[in-house]
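No lab work stands behind these numbers, since they all come straight from the coordinates. Just so we're clear, the structure is a prediction, and the values are computed from it rather than from any experiment. FYI the Cβ positions are ideal-geometry reconstructions off the backbone, even for glycines, and counts take in every protein chain you see.
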Amino acid sequence: MTTTITCTPLAATVGAEVRGVDAEQLAHDDTAVAAVLEALDEYGVLVFRDLHLAPENQVAFARRLGDIDHEYGHHPVEGIYRVSLDQAKNTSAAYLKATFEWHMDGCTPLHGEPPQKATILSAVQVAASGGETEFAGTYAAYDALGDDDKERFASLRVVHSLEASQRRVVPDPTPEQLARWRARPTSTHPLVWTHRTGRKSLVVGAHADRVVGMDLDEGRALLGELLDRATEPDRVHRHHWSVGDTVIWDNTGVVHRAAPYEPDSPRELLRTTVFGNEPIR
Ligand code: OGA
Ligand code: MN
């Protein structure tokens, strides 16, 4: 049996809405999953409206895409991480404030693991205001550079840190916070990621702290400018959540962020993370 899915592009350079596949197929049907993977490569972000993917099915779907993160996620179903700013629902909620800044997941790993291949989010409850998730393509960001910049950036390396991303949302940390952030090792990645496929993307985000061998301020200005250009409003897809929506993104070619929402908002998204198998190089 073959599954035909329909993809409707959502923004100029990233995102498509997928129709023609249901939750059971994603969890159990190999041909559906193959079609979704192909679409993910092409569009970077896939939106499934009104899918009502049960947590168990979300995990089953994710497992078809690769190995998944089984770390405890403040949720009864293994493989699910509960995204909520409410400390009662997620005791490490404080860290999630940094999702308000543009980022790629997994750029500052604990043990040098490659960044995750894909992330799946499903909406259980939505915010009364704010809380949209925004996406911008980093392949498109590279492709839009002029030839001079492509050449200039080819050999640049960038230090990424948890501290850099946390500082943006907690500018005056306590010594304890700072010590916790600094316990996470920094990671150095090339600015331009040449993927196995030969396609290139920019590795940017709030976690990008400084350019190796460049004056600190000059390097930060460059990283800020590249991120701003990558995320200009006309390059962004903004997902307005409804309960039952699922979104999956190719974390290796996309930056994302949450539009701010209240800490006591009922917003609750369930995340499943598919581990990466390709180092940034
Ligand atoms: C994440 C994330 C964005 C959001 O879970 O990695 O960045 O909108 N979430 O909650
Ligand atoms: Mn994220």
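Below, the figures for the structure above:
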read-out	value
Simple Cβ-charge dipole of the chain, Lys/Arg +1 and Asp/Glu -1, about Cα centre, in debye nearest 20	480 debye
Length-normalised contact order for the chain - Cα pairs under 8 Å, 6+ apart - percent	34 percent
For region 101-170: rounded, prolate or oblate by the Cα gyration tensor [a/c cutoff 1.5]	prolate
Shape call, region 145-281: gyration tensor on alpha carbons, a/c limit 1.5	oblate
Whether the chain is rounded, prolate or oblate, judged on the alpha carbon gyration tensor where a/c under 1.5 counts as rounded	oblate
Sequence-distant residues sharing a close amide H with Glu17 (under 5 Å, placed H)	Thr8, Leu10, Val47
Dipole-positive endmost among Val14, Ala32, Ser92 within the chain (Cβ charges, Cα centre)	Ser92
Sum of side-chain charges, Gly137 neighbourhood, beta-carbon under 13 Å (Lys, Arg +1; Asp, Glu -1)	-3
Potential extension, Glu232-Asp148 segment - 0.36 nm per residue separation minus Cα distance	28.2 nm
